[in-house]
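Shown next, in structure tokens, is the structure this report addresses.
Please treat every number below as a calculation from the coordinates, not as lab data. Source: prediction; values computed, not measured. Cβ: placed from backbone, ideal geometry, glycine included. Neighbour counts: every protein chain shown.
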Amino acid sequence: MRTFYLFFIFMWSVVVHAQQFDDYFIDKTLRLDYIFAGNANEQNAYLSEMIALNKWHGRVDNLSVTPVQGNGQIKVFDKSTNRLIYILPFGSLFQEWLTLDAAEKQSKSFENSFLIPFPKKEINVQISFFNSKNEEKVVFNQLIDPNDILIRKSSEIKNEYEVIHKATVKNPIKIALVAEGFTVEELNVFMDFAHQTVQNLFKHQIFKKYENSFEIIAVKTISKESGISVPSRNIWLDTAVQSNFDTFYSERYLTTLHTKLLHAQLENIPYQHIIILANTNVYGGGGILNSYSLTTTKNKEFAPVVVHEFGHSFAGLADEYFYEEDVFENKASLNTEPWEKNITSLVDFSSKWKNMMNKSTPIPTPKTMSNEVKIGVFEGLKGNGLYIPTLTCRMKINNTPDFCPVCSNAIEEMILFYTQDLTK
């Protein structure tokens, strides 16, 4: 657990004079819709629209720090002092696409939407990407005036929702479960899967420990057609958030490119994190840090996969399984430590789970020792240079009951980051 406590030390050292939420923000949300565009050689971000929402549902403490780096970050600076007052790490489909061969030959654009607390005064908003060497590149800078007449005011709630799990803490983590591919006649089926999602989440010990820190709602978004689009079978359906399989030509990769539509469905509904439940029995899904997770419901692996994908979108956990042929490059970059807390290239292993291991455990750890040690350093795929803490974890296989200690530790850090003032 020493890695966990190092995070608290970090919080103390960075936030010596912790700001209060109402020093810079009011209890509203500013949604920023962007277009990320470019190719492997050049990337840019463009502001599409700004929307004012009635209430802020995100964290109110630890505003200017983050427990994970992410593949990118949106940073908010007070204009008058240039002080960093809010930061949000994220992942994006655009950055995943940049790792593909296609990005060397052509340019492409992707939607991205972010929620930030509504500022009292003028702010500077900065968006940056991290490349495979963890080098940060600023791709967007803009001054935003909260009195700008072109900030669209939204007061309408577009979809019916139901609270299906209540929190008892003051500032809970708010999750919206979104129906995708369910017609109005099928919403009762969606609600059954929504309740199953809650049950499956809290079967995992670390989420059960903090069960009272989560407020979960089921949003009854209605699709005109039943099911999910499958481009490889020439099936295109009119659904609530326009998701589809075959993302980047990967058969099981289920995503939506339409993040603006997704967030428009949720306007003025209490949420910060999103789990999309898809109406199909085909195996698949996806999860993107601080964007959304998406899981199919009617297959036998629904229970473990819905939690696995939330591990991606909520805590920034990496997949711990690797394939010799994968749509994404799954090799470690030379001299670079990945930011995800549950994988390592051993470049900076002391920043990962080294202090959670028995000192007698060899690094790397032979797979033959997997039954002897609780935590090790096991090679993910021979020759790829990435290592994982165990061979049995929710982020690796479906037929294991829980997260490994390293992933549980990372999830706990994130839960406390959202719900407690770690500077006190």
For the chain, alpha-carbon Rg relative to the globular expectation (2.2 N^0.38 Å, N residues)
0.95
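Sorting check: for 389-395, 134-140, which peptide has the highest mean count of neighbouring beta carbons within 10 Å, and how do the rest follow? Let's see the in-between values first.
Details: 389-395: 22.4, 134-140: 13.7.
Packing order, densest peptide first, comes out as 389-395, 134-140.
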Given 285-292, 64-71, 253-260, the highest-first ranking by average Cβ count within 10 Å works out to 285-292, 253-260, 64-71
Under the rule of -39500 (n - 2.57) per DSSP H run of 4 or more residues, summed and divided by the residues of the chain, what mean residue ellipticity at 222 nm is obtained, to the nearest 500 deg cm²/dmol?
-5500 deg cm²/dmol
Two-site label geometry, T423 and L261: point separation in nm, points 7 Å out along Cα→Cβ
4.1 nm
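Taking R0 as 45 Å, what's the FRET efficiency between A52 and K108 from their Cβ-Cβ distance, rounded to 0.05? Display every interim value, and only then the final one.
Values: r = 30 Å, r/R0 = 0.67.
Result of the calculation: an efficiency of 0.90.
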What's the FRET efficiency of N335 with K298 using the Cβ-Cβ distance as r and R₀ = 56 Å, to the nearest 0.05?
0.80
Enumerate cysteines in the chain without a disulfide-compatible partner, where compatibility requires another Cys Cβ under 4.7 angstrom.
C407
Reachable lysines, given that their alpha-carbon falls under 23 Å from the alpha-carbon of K108 and they are not under 8 places away in the same chain
K133, K137, K260
Looking only at aspartates and glutamates whose Cα falls under 18 Å of K424's and that sit 8 or more positions away or on another chain, we get D22, D23, D61, E412, E413
